[in-house]
Amino acid sequence: MGTIVKLGVYELKAGMRVAKYIENDFGAVLVSPGMILDENIIAKLQVMGIKQVAVIDESEEQVEENINSFAVKYQENINELKETFDSIKHGNKLEFEQLREIVNISSQIDTNRDIINMLSQVRSVDEYTYTHSVNVGLLAMIFGRWIDLGKKEIKGLLYAGLLHDIGKSKVPDKILNKKGQLSNEEFEEIKKHVIYGYELVQDCSLLSNKIAKAVLLHHERNDGSGYPLGLSREKIPFMAKILAIVDTFDAITSDRVYRQHQPPFAVFKIFERDFQGFDYLLTKIFMSNISQYYMGEIIKLSDGRSAEIVYINPNHWSKPIVKIDKHYIDLSKETDLEIADVMMGSV
């Protein structure tokens, strides 16, 4: 790490890299070390009354490079994965070298907050399959970091996340992109994507059997209600349990051809109610970590009012404490008030 300097909040510039934790009056972390500031985050810090921020002293050229580095890598990953899907659609095998390039690019992204911010941006519905696969890979990678896995295990999760839906390259586009309700036959065809994906990964000798099994079993559920084998609890591999969580999170928070996205807190509510379907401990780890990235964000409530998230309740992740002007509202005590949307990047 380079030299650390303290700057007044009005001296901050987009592209600067944070050196120390920034906390609000509740002691909740707003920004973690290593995060690259943008204009929206700086404006939020100003509004919240933060006085000083410790940043790494970098050259103007490096600061400028920081602004664009993640967004460029993220789009490169999507483009590369799209080429991989298209190649398989045309009857080719899964090419490991192209996939390894995506993993190498992703592994260089060392600021989890930048990843969460990018995942929160509005994405093209037409690009859903590719962006979703990249997102699940990145979320699986972050999850591995949260639980202190080794580099090899984290890369395995990244590969598995990127490939979890690769079998959809063999499902007809008219089914994948159908806006209306799927027929029973169409849904059964969609479900085959895990088997197609498993076969593609197994056919690539440089990918492990653990990755292939995670691709096959990421729709299994702890209570035995999943597919394709109806496995439960300890019979579901560890990697598949993680993919089940991050896949569900990104799928629900993304716009789809048949419905609009829901806020992250709606997914937390599902997880809180459905601990039978997902691994209890892993789900708690996921919610306790990812929820912290929404501290200080502006949200829209179900009654139309805007508010700021000031505290994440560890007993009710879906119901944080929010602030409207000078008034605080504990959503866990409000039966008719929920978060309708999170305005990531808003002030």
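Observations
- Equivalent-ellipsoid semi-axes of segment 126-252, from the Cα gyration tensor, Å, largest first: 23, 16, 14
- With coordinates expressed along the principal axes, the C-alpha atoms belonging to segment 278-347 extend over 37, 28, 18 Å, beginning with the largest.
- By the compact-protein rule of thumb, 2.2 N^0.38 Å, the alpha-carbon radius of gyration of segment 5-109 corresponds to a ratio of 1.45.
- Accessible area (Å², per residue) of the chain, counting only protein heavy atoms and a probe of 1.4 Å: 48 Å²
- For segment 9-71, the spread of Cα coordinates along the three principal axes comes to 35, 22, 18 Å, biggest extent given first.
- Using the rule -39500 (n - 2.57) for each DSSP H run of four or more residues, divided by the residues of the chain, the 222 nm mean residue ellipticity is -14000 deg cm²/dmol.
- Under a 5 Å amide H cut-off, with hydrogens placed 1.01 Å from N, residue 261 pairs with 255, 256 among residues at least 5 apart or on other chains.
- Neighbours of residue 300 by Cβ distance under 12 Å: Lys/Arg scored +1, Asp/Glu scored -1, total -4.
- Cross-link partners of residue 179 among aspartates and glutamates (Cα-Cα below 18 Å; sequence separation of 8 or more within a chain): 126, 127, 188, 189, 255
- Taking the C-alpha atoms of the chain, convex hull volume expressed per residue in Å³: 142 Å³
- Axis angle, to the nearest 10 degrees, between helix 264-273 and the longest C-alpha principal axis of the chain: 60 degrees.
- Vicinal HN-Hα couplings computed from phi for segment 221-226 (Karplus, 6.51 cos²θ - 1.76 cosθ + 1.60; Hz; Gly/Pro x): 10, 4, 8, x, 8, x
- Members of 73/168; 82/152; 13/284; 51/151; 151/300 lying beyond 32 Å, as alpha-carbon distances in this model show: 13/284; 51/151; 151/300
The values are calculated or read from the model by the stated rules, or taken from the named source; none is laboratory data. Just so it is clear, the model here is predicted, and its values are computed rather than measured. Counting neighbours? That spans all protein chains shown, and the Cβs are built from the backbone with ideal geometry, glycine included. Ligands, DNA and RNA are stripped out before the accessible areas are found, and what is left, the full protein with its side chains, is counted by its heavy atoms. Shrake-Rupley method; radii C 1.70, N 1.55, O 1.52, S 1.80 Å.
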